[in-house]
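Accompanying notes for the structure given below.
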Amino acid sequence: MYLDVNPYVPTLNSIVFMSDRDGSQNLYLMSLSDGSFVQLTNHDDIDASHSGISPATEEVFFREGQTVKKVSLRAPYEEEEVYTVDDQYEIKGSLSMGPGGNKFALSLYNKNGYSTLATIDTARSTLEEVRKIKGAVDHVLINPVYGNTLLYHTYDRNQIGLVNIETKQEKVLTKPGDHGTHPFWEHNGQAAGYVLKNAREARGSQEKVVTYSIQAAGYSNYPLTRYSNHVAMNPSGTWIQGDGGPSDRYIYYYVINPRNNTVARQTMFKHDSTSSNELWHPHATFINDTDVIFNSDKDNPGKSGDIYLLSKNP
């Protein structure tokens, strides 16, 4: 099972997730109201673990080979082909939906060691190449509010950067020797975030969440006292969530003090997921300002996962 980034659809009070059954990945829609779920796709060979959900249009986009398709989140759950990418490229990472669901971003990798950041217009089925980046870009996220900037991460170089879609101009946020990972946008679209630690430090050493304000062109740093596979920030930007790791199986909240950007850690819940691979990472994500959903394989380690909803009073 794989719980992807931003899986929540508010109008349906439901989440989209991938489940690998009988050797095939497919997409499912589950209601948070009553726990019922339906199977959205029925394919033998799709990449359902890197899908992109569009709450605005109530659709989910996924890949089958070089073709990007979409399926409606309302019955009869009809599928439609959106765009087929040229064979010279390999599609990397997840599809990232822009505001309104009329455009999504993706990374196209070639054998020469470069990635092309691109956007696809979902209505016209047209592709725009934005900028080439050296290295394998495995995450490219379009600004969720303004849709005008791409935030990317290179897997092989651990570099985080921004690219303006209109001007094609790039700003690298990390410095040489930095280890940047897990990029995300703040919900208001005004700042880009990522996890940072020095590349020379050992795994498990102290990390920090860094946010970069687009308008102010300034950085804010939030030190974390526990290693986490992934992090997320709530919509109001007051809490950071960390999901621990193989030897530290807890959901943590870091409450931000806006006066000095210090954080106070709160241990929220022992999720007990093995985190043995990406399928069993909790991938905890906020569905509102106080509640997160996450995945755990604690009841059947390494074989199947369950989805949990963790609520906290503000």
Would you tally the residues in the stretch 225-253 being out of contact with any Pro (no Cβ under 9 Å at 6 or more places or on another chain) and more than 22 Å from L151 (Cα to Cα)?
10
So is A48 surrounded by 14 or more Cβ atoms within 10 Å (Cβ to Cβ), under 16 Å from the mean Cα position of the chain (by Cα) and either small (G, A, S) or part of a helix (DSSP H, G or I) (or both) or not?
yes
Residue within the stretch 123-143 that is farther than 27 Å from P235 by Cα, surrounded by 14 or more Cβ atoms within 10 Å (Cβ to Cβ) and small (G, A, S) present
yes
Given (1) crowded, with 21+ Cβ neighbours inside 10 Å; (2) under 22 Å from D86 (Cα atoms); (3) small (G, A, S), G161 misses just (2)
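Residues are listed down the side, and each one gets a yes or a no for (1) modelled with pLDDT under 90; (2) surrounded by 13 or more Cβ atoms within 10 Å (Cβ to Cβ); (3) farther than 27 Å from G93 by Cβ:
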residue: K270; (1), (2), (3): no, yes, yes
residue: S273; (1), (2), (3): no, yes, no
residue: H281; (1), (2), (3): yes, yes, no
residue: A284; (1), (2), (3): no, yes, no
residue: S304; (1), (2), (3): yes, yes, no
residue: Y308; (1), (2), (3): no, yes, no
Boolean, D297 is in contact with a helix residue (DSSP H, G or I) (Cβ under 7 Å, 6 or more places away or on another chain) and either under 21 Å from V5 (Cα atoms) or surrounded by fewer than 13 Cβ atoms within 10 Å (Cβ to Cβ) (or both)
yes
Checking N229, N277 in turn, the sole residue that is under 15 Å from L3 (Cα atoms), surrounded by fewer than 16 Cβ atoms within 10 Å (Cβ to Cβ) and either without any contact (Cβ under 8 Å) to a residue 24 or more places away in the chain or touching a strand residue (DSSP E or B) at 6+ places or on another chain (Cβ under 6 Å) (or both) turns out to be N277
Determine if the stretch 142-149 includes at least one residue that is within 23 Å of S213 (Cα to Cα), under 16 Å from the mean Cα position of the chain (by Cα), outside any loop (DSSP other than H, G, I, E, B) and not hydroxyl-bearing (S, T, Y).
yes
Residue selected from the stretch 174-190 under the condition touching a residue at least 40 places away in the same chain (Cβ under 8 Å) and in contact with a Gly (Cβ under 8 Å, 6 or more places away or on another chain), by the criterion surrounded by the fewest Cβ atoms within 10 Å (Cβ to Cβ):
N188
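The values are calculated or read from the model by the stated rules, or taken from the named source; none is laboratory data. Note that the coordinates shown come from a computational prediction; the quantities given were computed from them, not determined experimentally. Heads up, the Cβs are rebuilt from the backbone with ideal geometry, glycines too, and the neighbour counts pull from every protein chain shown.
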